[in-house]
Structure formats: C-alpha cells, structure tokens
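Novice: Structure provided below as structure tokens; questions to follow.
The values are calculated or read from the model by the stated rules, or taken from the named source; none is laboratory data. Keep in mind the model is a prediction, meaning the values are calculated, not measured. Ligands, DNA and RNA are stripped out before the accessible areas are found, and what is left, the full protein with its side chains, is counted by its heavy atoms. Shrake-Rupley method; radii C 1.70, N 1.55, O 1.52, S 1.80 Å.
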Amino acid sequence: MQLNNFNLQILLIFLIIILIIEFILIKFIYKIHIILLLFYIYILPILSIFFFILTVELSLGKLRTKRIKFTKSFINNIIKQIKKKQKKSYNQKYTVTIKLFKFLIKQNNINSINTFFKKSDFKIFSNNKKILKKIIYDIKKAKYKIEMIFYIWKQGGIVNKIIESLINASKRGICCRIILDSVGCFSFLKSKYIILMKKAGIKIIKAFKLNMFDFLVRRIDIRQHKKIILIDNYIVYTGSMNMIDINFNINKKYIDIMIRFTGIISNIISIIYDLEFEMETGEKIIFKKKYKKIKRTYYHKKNQNFHIISSIPYISNKLIHKVFLKALHSAKKKIVITTPYFIPTNKLIKEICNASLRGVKVIIIIPKKNDSLMVLWASKYFYIDLLKSGVKIYEFKNNLLHTKSLLIDDKVSIIGTVNFDIRSFFLNSEITLIIEDNNFSNIISQIQKTYIKKSKLIKFKKWKKRSYFNKLFEFFFFIFNPIL
C-alpha cells in the first residue's frame, strides 16, 4: 500500500473539515472544554481510521488480481495471433493523427486492437426506443449465445420486453450470460425479474460485488462501467446507453448514443467479454469450441483506422487518459467534446486550453442539469480558464446529455463509455472506440450539432459576473474532485 497524489488530496480535504469543525466548537459551543475532550476521545480516532482507509492505495483483492495476471498473459497470445493476420497496422498516409495511432499500435495486448469495417457493418442509434426495439429483434434471432455487460439496468417499459426475450431465448437453448455492476444495478439485482431470469437458466454475474468489510481490504469505488451486448459472436452493441427505457423511467431521461456493429469486430469484443467474465467468476469460457465463431478475413481500407480499447482496473486503466491527451494534442482544426460528467485532470485542461490558444476551434457540450449535484458545481469551476482560452462551452438544456464522445478535426471519433472525469480515466472498467472513418465521423458530427442547437452558449463576460455565492459553491465542490 502506498500514498499518491490522489490519496493526499483526499487527506487534505478531510483535515480541512476537521479544522473547520474544531473552529466551530471553540468559537460557538458553550462549555468547550468538555466538548473538545469528547471530540478528541471519541470522534477524532474514528476520523483518523477513515483517513487511513481513504489515503492508502488498496488493491482489487488477491483473487481478482491473480485471475487478471493469469488471463491477461493467455489473452496476449491470442492478440498476437490476430495481429499477425493484419496486413497493415494503420494508414500512415491517411491518418490525421499519426502520433495517436503509432502509440496505439505499440500496445500489444487486449487494451488496443486494430481492425477494419465496411459502411454496412455499423449503424449509430441516438433514439432510446429504436435501440431497445432493435436489441429485442436481435435477441429473438439469436442462435448460439447472448452476452451482456451493463452498469445500470432498470426494469420497466421496453426493458421488460428485453427481459422476456432473454428468458425465451434461454428456454430455447441459447447460452445467456449477463454481467451487472453490483452498485449501479443494486435495485434490479434485488427485483423479482432476477429470480425469473435465473430460473430460465440465464447466468447473472454481480461485478465488483461488495460486503460490509470490503472497505478495509480493497477499493470499493471501482465500478464495471462497460455497456456491451454480444450476440452469436457476430452482432455487437456498445456506447453510452444503460439498460433503461427513458420513456418509462421519467426521472432518468438520458440522451445517449449506441452503435451496432456486425462482423470481425465482434470477435475482438468477445475476447474483452471473456476476460471480464473470468475476472468475476474464475470460470474459463475463452474460445470454447461449442460456440460457433464467425470467421471473416481482415481487410484494409485506404481511408480508415479503427481501434478498440478496453481498460482493466489496476492493469491498463491509465491508457485511456493517455489516448485522450494525444488525441487533443493532435487536433489541427476542431475539437468537440460531449460528456455528462466533466471533471478533467490538470493535464487535460492544459491540453484543451493550449489547443484553443493555438487556433483550434474547441467546443464542449455539458448538460445544464445533472444527476450529481457535486459534479454539476465542480465542473463549473473549470469554466473560467476554458473561456479565457477561447473554448466555447454549451450547456445542454433538455434532459441529461449522457453521450460520451470526442471528435477531432471531423475525422477521428472517440466514443464509448468513458466520461471526462478521473473515475473513468483511472478507476473504472471502461470501453472506448477510436475510429477514423469519414462516414462514421460525419454521423457523429451531425448528432453533436443537434446537441448544440438544444444548448445555451456560456458567454465569458456574463460568466465573470456570476455571484460570489456561486464561486464559493464551485470551489467547495471542486476540492472533492478526486473522489467524484
């Protein structure tokens, strides 16, 4: 166990809180000597234990770490075999971000795999209802297996029809496995639907499950944040959408993007899923022969580059942060960021501001309202430096903009489950796609433009005149940014 900057920031926050409490006691409380004595005897030791827990770098647990090390070495061999089949690593002549793709190619493991696709191999959905209906259609057509990972799953509306379709699929002999985050899906995991699904033979796995003593021995704030659907090793869904019918759950009106792929990409996602499954269960399901594998030859397009990145806590969870930094640095004309949670690192803020100062048009789209009050106020703390540098900030007015996307020069799209915050960059299990393809980027660009039309531009002169009360709130919540 060791201290790092992240832990020291947390320690500083709680020490400040203690000093404030002591000041209040001394200044305002009658018979202070008695109260102080009680404080030092009973409260301070408890707080000290809490500080210690927060300021040490706890592991994921011995069993999980052991599984990760063993499985990762096995999967690396599979990745090497896949890469041997690729004629070229990336298109040097075409790419507008050469340094980014050079960096990605050097990652010789599950974190970064390059593959290619046709225009007919993908479809981008931005309508929640259409996505859910298409998922039901694909589940009904499934022949071999259905595998899913979700951070949040809420019963109700069309989601109940998806549950029904999964139960029917399992009854007709389809292998169904679902990994659900134990915190994000807490209420659903306690519902009657889980019992029905398990009775039908569907395997439900709780990811990063907790018990009351876990906080003493391992990190409890790491979450399974991936959103993946894999059907027959041929159809793949991934993006920002949780398993929620927003028309039914009126309090969760998320605006999302989900991408449906077919073809060779599914084999790569299959490896990622198998790794996650083995980390949670210890059960080895990687490349079992009883499930049919769709084999397609790798081909290369002259105007395309594509990478899939999967982060694994404590093994590869710093890679995505490096990718975002290199992508921002490579921009020459334009950067567009959409994110629901904007708590960037100092390096990212610096890179964004530098890009704007060197003449790159930088646009950030953030929701005006958020489901986290702390994040809402903390994110506003960054506005002043961004606006000074010429960055355009738009606040999305309708519902919660939940899309996580980064578009560079209208050419390279980075899209997936990664929020623009410390938690996604360094802690959670995430998946993101880096795609350099004209057809794909054009669609993402058009979707981003619809967001801007529904947003309000923050003007620098007006922002400077905001009240001191607002500034105080921003700073207060900003100091908690390491744990948001």
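Novice: Which aspartates and glutamates have a Cα lying under 20 Å from the Cα of Lys333, excluding residues fewer than 8 positions away in the same chain?
Specialist: Glu351, Asp409, Asp410, Glu436, Asp437
Novice: Looking at the calculated P(r) for the range 331-416, what percent of the C-alpha pair distances fall above 16 Å?
Specialist: 51 percent
Novice: Additional query: Using only the alpha-carbon atoms, what does the range 391-443 span along each of its principal axes? Please give whole angstrom values in decreasing order.
Specialist: Answer, in whole Å and largest first: 31, 29, 22 Å.
Novice: Please report the carbon-and-sulfur percent of the accessible area for the range 327-484; probe 1.4 Å, protein heavy atoms only, DNA, RNA and ligands left out.
Specialist: 58 percent
Novice: In the structure shown, do any of Lys209/Lys453; Lys102/Lys453; Lys102/Lys227 have a Cα-Cα gap over 31 Å, and if so which?
Specialist: Over 31 Å apart, Cα to Cα: Lys209/Lys453; Lys102/Lys453.
Novice: Sticking with this structure for a sec: So which aspartates and glutamates can Lys454 reach, going by Cα to Cα under 18 Å and dropping same-chain residues fewer than 8 places off?
Specialist: By straight Cα distance, Lys454 reaches Asp256, Glu395.
Novice: Over 18 Å between C-alpha atoms is what I'm after, so list which of Lys226/Lys347; Lys392/Lys456; Lys388/Lys465; Lys380/Lys449 land there.
Specialist: Where the Cα-Cα span goes over 18 Å, the pairs concerned are Lys226/Lys347; Lys380/Lys449.
Novice: Once you have all Cα-Cα distances for the range 333-484, histogram them in 5 Å bins from zero and send the whole-percent values.
Specialist: Binned Cα distances yield the sequence 2, 9, 18, 23, 24, 15, 6, 2, 1, 0.
Novice: Measure up Lys253/Lys459; Lys123/Lys369; Lys154/Lys318; Lys130/Lys154; Lys368/Lys471 against 20 Å on the Cα-Cα distance and list the ones that go over.
Specialist: Lys253/Lys459; Lys123/Lys369; Lys154/Lys318
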